[in-house]
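The values are calculated or read from the model by the stated rules, or taken from the named source; none is laboratory data. Because the structure is a prediction, the values reported are computed rather than measured. Please note: Cβ atoms are built from the backbone with ideal geometry, for glycine as well, and neighbour counts cover all protein chains shown.
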Amino acid sequence: MVAAEGGVAVAISSTIEMDIPFEASRTCADRPMLAGVLRHLLTNALEAAAAGPRSRGVRLSARRRDRWIDLFVDDSGAGVPESLWPRLFEPFFTTRPSGQGLGATSSARASRRASPRE
């Protein structure tokens with residue numbers, strides 16, 4: 001299924017559960033940038049969930065916090081070992097055999113550019 005709103009189309013798999021209250025669904029974010037970040041996070045989460053010991057799918061949720069919207073992507077994958085956390089956003093670093101190591105880096109950069117400065 002494909003959901004489209006405001007010019008952004010996102011493929012929705014039956015293994016993705018969404019919990020996004022109305023107050024967190026409205027934003028002034030750069031929609032193409034946000035769609036790219038979500039596509040990266042959801043693709044990684046779906047791959048991790050499929051390879052995990054208990055494949056329970058993926059959960060996408062959002063909560064409004066003052067002027068901010070926090071997005072959460074949870075999966076049932078094995079997770080990344082804590083020893084690798086410092087390298088997660090390094091260009092070309094990947095833990096996946098088919099990965100290129102650019103998704104997390106570009107998503108983090110896009111998110112920082114889109115964040116309003118306080």
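With surrounded by 15 or more Cβ atoms within 10 Å (Cβ to Cβ) and at pLDDT 85 or above as the only criterion, which of Val10, Val73 stands out?
The unique qualifying residue is Val73.
Going through region 44-84 one residue at a time, which ones are closer than 22 Å to Gly99 by Cα, of a type in the set (A, V, I, L, M) and touching a Ser or Thr at 6+ places or on another chain (Cβ under 7 Å)?
Of everything in region 44-84, those that are closer than 22 Å to Gly99 by Cα, of a type in the set (A, V, I, L, M) and touching a Ser or Thr at 6+ places or on another chain (Cβ under 7 Å) turn out to be Leu46, Ala49, Val58, Val80, Leu84.
Tell me, which residue of region 49-101 that is in a strand (DSSP E or B) and among the charged types (D, E, K, R) is nearest to Thr15 (Cα to Cα)?
Arg59
Failed condition for Leu46, given (1) at pLDDT below 75; (2) surrounded by 15 or more Cβ atoms within 10 Å (Cβ to Cβ), with all others met?
Leu46 satisfies every listed condition except (1).
Restricting to region 93-118, name every residue that is among the aliphatic types (A, V, I, L, M), closer than 18 Å to Phe72 by Cα and modelled with pLDDT of 80 or more. Before the answer, list the steps.
Here is the first cut: in region 93-118, the residues among the aliphatic types (A, V, I, L, M) are 102, 104, 108, 110, 114.
Applying the additional criterion that residues be closer than 18 Å to Phe72 by Cα yields 104, 108, 110, 114.
Those that are among the aliphatic types (A, V, I, L, M), closer than 18 Å to Phe72 by Cα and modelled with pLDDT of 80 or more: Ala104, Ala108, Ala110.
Would you please list the contacts, defined by Cβ atoms under 6 Å and residues six or more apart or on different chains, that run from a residue in region 80-102 that is among the hydrophobic types (A, V, I, L, M, F, W, C) to a residue that is modelled with pLDDT of 90 or more?
Close Cβ pairs satisfying both conditions: Phe93/Arg87.
Tell me whether region 19-30 contains one or more residues that are modelled with pLDDT under 75, assigned to a helix (DSSP H, G or I) and more than 22 Å from Gly99 (Cα to Cα).
yes
Between a first residue in region 59-79 that is without any contact (Cβ under 8 Å) to a residue 40 or more places away in the chain and β-branched (Val, Ile, Thr) and a second residue that is surrounded by 12 or more Cβ atoms within 10 Å (Cβ to Cβ) and assigned to a strand (DSSP E or B), which pairs have beta carbons less than 6 Å apart while being 6 or more apart in sequence or on different chains?
Val73/Leu60
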